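Take a look at the structure set out below.
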Amino acid sequence: MKIAIDAMGGDNAPESVVKGALKARDEFSDLELILYGDKTAIEQYITDPTRITIVNTTEVIDMNDEPVRAIRRKKDSSLVVAANAVKAKEADALFSCGNTGALLTAGLLLVGRIKGITRPGLLSTLPVVSGQDGAFNLLDSGANADSKPEHLYQYALLGTYYASNVRGIKAPRIGLLNNGSESHKGSKVTQEAYQLLAADENLNFIGNVESKDLMKGVCDVVVADGFTGNAVLKAIEGTALAVMSLLKDTIANAGAKGKLGALLLKDDLKSIKGRMDQAQYGGAVLLGVKAPVVKAHGSSDDLTVYYTLKQIRTMIHEEMVPNFTKYWQAQQAKEVLDSKDAE
């Protein structure tokens, strides 16, 4: 399995990217990692080059670059060269911690959409607080600001396939993000999307879900337009960080009593922090393109990079994209036949 890695993308690149890649390489003997970027900067962190290839590039797309312009003009950037390698089938997947818009653009323009998918969506995995562990997928979490009802329906199909084949969930529950649980709630787009989802007997659609219930584990896949999904994603991430910071400050300012309590609850506090850590679930996946394209936070450390490469390995191993493509083509053919029968 060959993964093309933008080694220069992210706040801590290339150090965190390279160290995370080495962790993944050491654990999984079937991984071959191709690092794209400044060869001299990358090599200083590598002592054992086994199953590691470095492709030197001379440009970097930074966080302030306009995505489409950067992809078109910075032809020798680490991200563009890596994406072209996936396009040419020299690598099986693309990974970056860099500019999100540029990665999405590279996925759409270079890697390419699966035929019949009109709007690939960005899928993020977030923790739930019910039970000992668990998570839910949010799709779209930022690829498309505006969506039509049929796009939301496609997100449900993409999310179902991911949850089933990568996370191993049988008949994942699909919820439509809305401002109320009643079927008549929401905008015209969400009302029409509700009808499309409810009409598909192959989907385990549970109806509308509200943002306040997402972290309770009300469903396995949450469908939303990209603007709303991204707002919810950042609200959850920000709230989690704020709560942990508040808890830390409260203990620090409680004197001896607080320090003693923290000592007694040390393992339990670590458990809470671990359950709220989004990094363990890997990166955000651009679903609907011809190969796995995955984005991790710009501030990712080596452990986050490791978890994300582990996630990508599972996607490749389970042949998620080829199998979904076959499934989607069969669905399209069935719709054509049904349309002809109706005529």
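The values are calculated or read from the model by the stated rules, or taken from the named source; none is laboratory data. Note that the structure is a prediction, hence the values are computed from the model and not measured. All Cβ positions, glycine included, derive from the backbone under ideal geometry; neighbour counts span all protein chains shown. All accessible areas refer to the heavy atoms of the entire protein, side chains included, with ligands and DNA or RNA removed. Shrake-Rupley method; radii C 1.70, N 1.55, O 1.52, S 1.80 Å.
Odds and ends about this structure:
- Placing +1 on the Cβ of every Lys and Arg and -1 on the Cβ of every Asp and Glu, with no other charges, gives the stretch 123-237 a dipole of roughly 180 debye about its Cα centre.
- Entries of Lys148/Lys290; Lys2/Lys310; Lys115/Lys170; Lys74/Lys295 with Cα pairs more than 24 Å apart: Lys115/Lys170
- Rounded to the nearest 20 debye, the dipole magnitude of the chain is 200 debye, with +1 charges on Lys and Arg beta carbons, -1 on Asp and Glu beta carbons, and the Cα centre as origin.
- Simple spin-label estimate for Lys257 and Glu66 gives 5.9 nm between the two label positions (7 Å along the Cα-to-Cβ direction from each Cα).
- Portion, in percent, of the accessible area of the stretch 55-160 that falls on carbon or sulfur, probe 1.4 Å: 48 percent
- For the pair Glu150 and Glu237, a Förster radius of 22 Å applied to the C-beta separation gives a FRET efficiency near 0.15, rounded to the nearest 0.05.
- Annotation: lysines with alpha-carbon distance below 23 angstrom to Lys248 (same-chain offsets under eight excluded): Lys234, Lys257, Lys259, Lys266, Lys270, Lys273.
- Heavy-atom accessible area per residue - the stretch 1-73, 1.4 Å, Å²: 51 Å²
- Extension gain, Leu247 to Ser211, is 10.6 nm, computed as 0.36 nm per intervening residue step minus the present C-alpha separation.
- Max mean-square fluctuation residue, GNM over the chain, Cα-Cα springs under 10 Å, options Asp249, Asp92, Asp11: Asp249
- Of Leu22, Leu260, Leu126, the residue with the largest accessible area leads and the full order is Leu260, Leu22, Leu126 (1.4 Å probe).
- Convex hull per residue volume in Å³, alpha carbons only, for the stretch 168-233: 91 Å³
- Solvent-accessible area of His317 with every protein chain in place, 1.4 Å probe, in Å² to the nearest 10: 110 Å²
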